[in-house]
Number of protein chains: 6
Amino acid sequence: MPLDRKHLIGKEAMLLLLHNENQLPEELRKLGWKFCKGKVGSMDGQKVVAAVETAAKNQGIVKTGLYRETHALYHAIIEAVSGVTRGSNQIGTLLRTVGLQFSIVRGNPYQNKEEGEWIAVALYGTIGAPVKGLEHEAIGLGINHI
Amino acid sequence: MPLDRKHLIGKEAMLLLLHNENQLPEELRKLGWKFCKGKVGSMDGQKVVAAVETAAKNQGIVKTGLYRETHALYHAIIEAVSGVTRGSNQIGTLLRTVGLQFSIVRGNPYQNKEEGEWIAVALYGTIGAPVKGLEHEAIGLGINHI
Amino acid sequence: MPLDRKHLIGKEAMLLLLHNENQLPEELRKLGWKFCKGKVGSMDGQKVVAAVETAAKNQGIVKTGLYRETHALYHAIIEAVSGVTRGSNQIGTLLRTVGLQFSIVRGNPYQNKEEGEWIAVALYGTIGAPVKGLEHEAIGLGINHI
Amino acid sequence: MPLDRKHLIGKEAMLLLLHNENQLPEELRKLGWKFCKGKVGSMDGQKVVAAVETAAKNQGIVKTGLYRETHALYHAIIEAVSGVTRGSNQIGTLLRTVGLQFSIVRGNPYQNKEEGEWIAVALYGTIGAPVKGLEHEAIGLGINHI
Amino acid sequence: MPLDRKHLIGKEAMLLLLHNENQLPEELRKLGWKFCKGKVGSMDGQKVVAAVETAAKNQGIVKTGLYRETHALYHAIIEAVSGVTRGSNQIGTLLRTVGLQFSIVRGNPYQNKEEGEWIAVALYGTIGAPVKGLEHEAIGLGINHI
Amino acid sequence: MPLDRKHLIGKEAMLLLLHNENQLPEELRKLGWKFCKGKVGSMDGQKVVAAVETAAKNQGIVKTGLYRETHALYHAIIEAVSGVTRGSNQIGTLLRTVGLQFSIVRGNPYQNKEEGEWIAVALYGTIGAPVKGLEHEAIGLGINHI
Ligand SMILES: [Mg+2]
Ligand SMILES: [Mg+2]
Ligand SMILES: [Mg+2]
Ligand SMILES: [Mg+2]
Ligand SMILES: [Mg+2]
Ligand SMILES: [Mg+2]
């Protein structure tokens with residue numbers, strides 16, 4: 001069974017950033033979907049990964065002691081970083097800096113309950129030279145089963 | 001001078017897709033910003049590129065005879081495809097299929113008029129196995145000066 | 001809690017190929033671990049992916065109707081293909097051909113039961129010019145939570 | 001002429017790691033095949049490369065003063081790292097750490113003596129978050145003429 | 001309209017390096033083409049990017065305050081680095097060092113005046129182990145509209 | 001011992017293309033260096049690889065029956081293609097076409113005779129949309145021990 005067009009986890013994650021929203025639509029909250037948001041600016045790829053991981057753990061989106069969940073989150077983060085860096089996953093090593101907002105959403109986007117929970121990591125912000133204003137927007141989205 | 005926070009070309013391109021909008025905000029229209037939208041479903045990467053290029057030319061977003069503009073558009077498309085494929089730029093060769101909406105927006109997102117025109121290509125839809133329902137969402141954004 | 005040194009799912013998957021074994025160690029069978037094996041030779045990346053997916057579904061390693069499981073398997077396959085192709089994920093498009101055995105193993109390699117099931121896809125064989133003998137060995141391993 | 005099925009250099013290199021062996025099969029020793037093994041744990045890609053290179057030079061697998069041999073080894077290492085990182089060749093820059101055993105084997109795996117010597121670099125171990133236990137197995141194999 | 005066979009910007013940029021020339025052909029100077037040259041040796045990718053960017057700005061090849069031009073230059077540099085590193089864009093993180101000359105040329109290589117200005121970044125030198133002599137040549141060329 | 005500044009194999013290979021030369025400098029001919037040249041235009045990556053391989057074999061640059069030499073050549077070709085495609089190694093799958101000249105040079109570029117023979121593959125031409133004139137120059141160089 002396909003995606004539920006009212007439960008599009010990637011779209012919701014991205015809209016939290018693009019609309020500067022601080023809550024999910026009521027229907028998704030009723031279904032028990034969770035999310036968190038944060039910001040990170042860095043030339044250092046590992047700081048971007050760490051910021052998203054830390055937020056997800058501190059806000060209870062993933063269980064801290066369970067590698068299974070950390071693994072799902074990690075690959076979703078890297079997929080999102082890949083969109084922002086357009087494939088290279090490199091930031092400071094190529095003299096770029098990023099200023100990003102991120103959101104993490106957890107829920108089941110499918111009509112079939114057995115599909116269980118999925119996680120979406122969205123990134124939106126700017127990438128550019130390490131000089132204020134020499135930058136353009138960038139977006140990334142990673143989705144994984146969790 | 002930095003990006004104008006009310007003229008975020010990447011955000012506008014993405015919102016045209018996520019909101020299923022068919023026009024840009026009035027302020028941007030007054031400034032002469034142009035856009036077009038379309039859809040493409042394929043296992044074939046070159047068809048995705050061609051669909052976006054063809055729409056951009058047919059809708060007058062880029063000048064057909066000018067390589068300069070085609071070049072700017074092409075790299076923006078490839079950057080967007082990179083987000084959707086999370087770096088590999090491969091679709092059917094890895095047994096995936098995509099069902100994508102795309103938008104192309106042209107305008108100046110910077111406060112400084114001398115920054116001239118830029119182009120954003122946004123992709124939003126699904127990627128997955130070539131079987132209905134075995135898919136998740138994917139997003140890509142490419143931005144270039146034009 | 002760490003990996004259980006007697007339940008190393010990647011090692012087991014690789015040894016099934018390197019030893020030409022047709023069963024898992026007794027301890028793992030008692031724990032309910034599942035596996036299957038197969039072969040595929042092709043210049044076509046999508047045929048490699050399809051051969052592994054089809055075997056996994058036909059042998060009951062993953063549930064056919066559940067995208068969650070197909071998704072876990074797919075990413076494990078692509079990670080394994082990445083080892084064989086050393087990053088490019090391209091075969092025939094770069095005039096190479098592969099002759100591969102594959103194994104798929106499903107079980108929990110961690111001491112902690114809550115880590116649940118994981119899947120390993122191992123590939124071992126040759127890659128080279130599409131001429132008999134002009135080839136060397138190649139290996140790939142992909143691991144995912146499922 | 002094809003690979004000699006009893007002289008599979010990649011398989012031998014991998015089995016040295018998976019079986020925790022400290023010698024090659026007698027037949028290969030009689031043929032003058034050489035090997036060495038070692039371990040490296042790091043978040044730093046260059047330390048992984050350096051550990052394998054240093055071992056190969058110190059153990060006499062490659063000639064120190066000859067770039068030809070260093071070059072052959074280097075590309076074999078990078079191909080193996082590519083399997084472990086599944087294409088990105090990045091470790092700490094993406095907040096991952098590796099704990100790897102490596103083996104290096106040198107010999108002629110082909111039936112034809114004129115194929116001369118080849119080198120295989122095998123990597124086996126874990127990759128994951130820089131936290132004990134948050135990791136899964138990874139494998140890489142690089143093969144080159146030398 | 002096609003490239004003008006006497007105004008091949010990439011070829012000119014490369015010949016400035018390979019011939020150790022310090023001026024462009026007279027015809028191109030008359031057309032107002034600009035260029036600069038420099039050298040950089042490093043294990044650090046960002047230093048390579050910075051050296052080229054700094055030279056281009058200091059020599060007036062691109063306008064300092066205009067992101068549009070910095071953006072065009074940046075992507076041309078990264079494309080050139082991609083040739084030198086053969087796709088990975090990584091240097092020291094994989095224990096390599098580079099010793100490079102670079103040239104930057106700005107002009108219109110097309111017959112059609114409306115194609116406007118383009119920029120070529122050429123890199124030529126060596127890449128190898130961080131030990132004198134353990135290196136081979138490498139070349140990269142990036143071209144962008146500006 | 002370092003590269004011999006008068007025996008730069010990569011530079012010689014590139015100059016054969018940029019100068020449209022049909023012979024190597026006399027000094028290199030006396031040393032027994034070999035080369036060949038050719039052309040290939042295609043959207044199909046495997047045709048580019050095949051054209052270079054076929055020329056090298058037909059012109060006696062590499063021994064046909066020896067995988068060792070084919071392997072050295074293959075990796076040099078792929079490295080050169082990587083420069084032309086700036087990392088992706090994809091042509092038609094991303095709706096690009098190439099028109100390339102290639103040269104292959106074989107000789108020892110080092111001061112030390114023991115470094116033996118090396119091979120350089122140079123590519124120079126255009127890459128762009130499959131429409132005449134919508135293209136820019138591209139360069140690639142691959143170097144390997146043989
Ligand atoms: Mg996926
Ligand atoms: Mg950019
Ligand atoms: Mg993983
Ligand atoms: Mg090879
Ligand atoms: Mg281009
Ligand atoms: Mg090399």
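Worth pointing out:
- Residues that are in a helix (DSSP H, G or I) and within 14 Å of chain A (Cβ to nearest Cβ) within the range B:9-34 comprise B:ILE9, B:GLY10, B:LYS11, B:GLU12, B:ALA13, B:MET14, B:LEU15, B:LEU16, B:LEU17, B:LEU18, listed in sequence order.
- Residue within the range E:92-111 that is under 21 Å from F:LEU18 (Cα atoms), modelled with pLDDT of 95 or more, over 15 Å from the mean Cα position of the chain (by Cα) and polar (S, T, N, Q) present: yes
- Breaking point among (1) within 28 Å of E:GLY142 (Cβ to Cβ); (2) away from chain E (no Cβ under 14 Å); (3) touching a strand residue (DSSP E or B) at 6+ places or on another chain (Cβ under 9 Å); (4) not hydroxyl-bearing (Ser, Thr, Tyr), for F:ILE77: (2)
- Within the range E:1-32, the set of residues being farther than 16 Å from F:GLU137 by Cβ and among the acidic types (Asp, Glu) comprises E:GLU21, E:GLU26, E:GLU27.
- Qualifying residue in the range E:102-115 (condition: more than 11 Å from chain F (Cβ to nearest Cβ), within 16 Å of ligand 6 (Cβ to nearest atom) and of a type outside the set (Lys, Arg)): no
- Residue in the range E:125-137 that is away from ligand 5 (no atom under 15 Å from the Cβ), touching a Gly at 6+ places or on another chain (Cβ under 9 Å) and aliphatic (A, V, I, L, M) present: yes
- Subset tally (residues that are of a type in the set (Val, Ile, Thr) and more than 16 Å from ligand 4 (Cβ to nearest atom)) for the range F:107-146: 4
- Within the range D:61-72, one or more residues are closer than 25 Å to C:GLY128 by Cβ, in contact with a strand residue (DSSP E or B) (Cβ under 7 Å, 6 or more places away or on another chain) and more than 16 Å from ligand 6 (Cβ to nearest atom).
- Filter result (more than 7 Å from every other protein chain (Cβ to nearest Cβ) and not in a loop (DSSP other than H, G, I, E, B)) within the range E:88-101: E:THR97, E:VAL98, E:GLY99, E:LEU100, E:GLN101
- Residues of the range B:53-81 classified as at pLDDT 95 or above, farther than 19 Å from F:MET43 by Cα and among the β-branched types (Val, Ile, Thr), total: 2
- A single entry from B:LEU3, B:LEU28, B:LEU24 fulfils the requirement of being of a type outside the set (Lys, Arg) and in contact with a Gly (Cβ under 7 Å, 6 or more places away or on another chain): B:LEU28.
- The range C:107-128: number of residues that are basic (Lys, Arg) and surrounded by 24 or more Cβ atoms within 10 Å (Cβ to Cβ): 0
- Per-region count, the range E:122-146, residues closer than 30 Å to F:GLN111 by Cα and either in contact with a His (Cβ under 6 Å, 6 or more places away or on another chain) or in contact (Cβ under 8 Å) with a residue 12 or more places away in the chain (or both): 15
- Each residue in the range E:96-139 was checked for being among the aliphatic types (A, V, I, L, M) and closer than 20 Å to A:LEU95 by Cβ, and 10 pass.
- Filter pass, D:LEU18 being aliphatic (A, V, I, L, M), within 12 Å of the chain's Cα centre (by Cα) and at pLDDT 95 or above: no
- All of D:THR54, D:THR64 fail the test of being among the hydroxyl-bearing types (Ser, Thr, Tyr) and touching a helix residue (DSSP H, G or I) at 6+ places or on another chain (Cβ under 6 Å), apart from D:THR64.
- One residue from A:LYS37, A:LYS63, A:LYS47, A:LYS57 being in contact (Cβ under 8 Å) with a residue 60 or more places away in the chain and away from chain B (no Cβ under 14 Å): A:LYS37
- The set of residues in the range E:106-146 that are more than 15 Å from E:MET43 (Cα to Cα), touching a strand residue (DSSP E or B) at 6+ places or on another chain (Cβ under 6 Å) and small (Gly, Ala, Ser) comprises E:ALA120, E:ALA122, E:GLY140, E:GLY142.
- Conditions (1) outside any helix (DSSP H, G or I); (2) without any contact (Cβ under 8 Å) to a residue 40 or more places away in the chain: number failed by C:HIS71: (1)
- Qualifying residue in the range A:44-51 (condition: farther than 14 Å from A:VAL98 by Cα, charged (D, E, K, R) and assigned to a helix (DSSP H, G or I)): no
- Unique match (being surrounded by 16 or more Cβ atoms within 10 Å (Cβ to Cβ) and either within 14 Å of the chain's Cα centre (by Cα) or not in a helix (DSSP H, G or I) (or both)) among B:LYS6, B:LYS63, B:LYS37: B:LYS37
- Among the residues of the range B:87-146, those identified as at negative phi and of a type in the set (S, T, N, Q) are B:SER88, B:GLN90, B:THR93, B:THR97, B:GLN101, B:SER103, B:ASN108, B:GLN111, B:ASN112, B:THR126, B:ASN144.
- Single match in F:GLY125, F:GLY133 (criterion: in a strand (DSSP E or B) and within 13 Å of chain E (Cβ to nearest Cβ)): F:GLY125
- Matching residues in the range E:9-34 - criterion: being surrounded by 20 or more Cβ atoms within 10 Å (Cβ to Cβ) and either touching a Ser or Thr at 6+ places or on another chain (Cβ under 6 Å) or among the polar types (S, T, N, Q) (or both): E:ALA13, E:LEU16, E:LEU17
The values are calculated or read from the model by the stated rules, or taken from the named source; none is laboratory data. Values in this document were obtained by computation on a predicted structure and should not be read as measured data. Note that we place each Cβ from the backbone using ideal geometry, even for glycine, and neighbour counts take in every protein chain shown.
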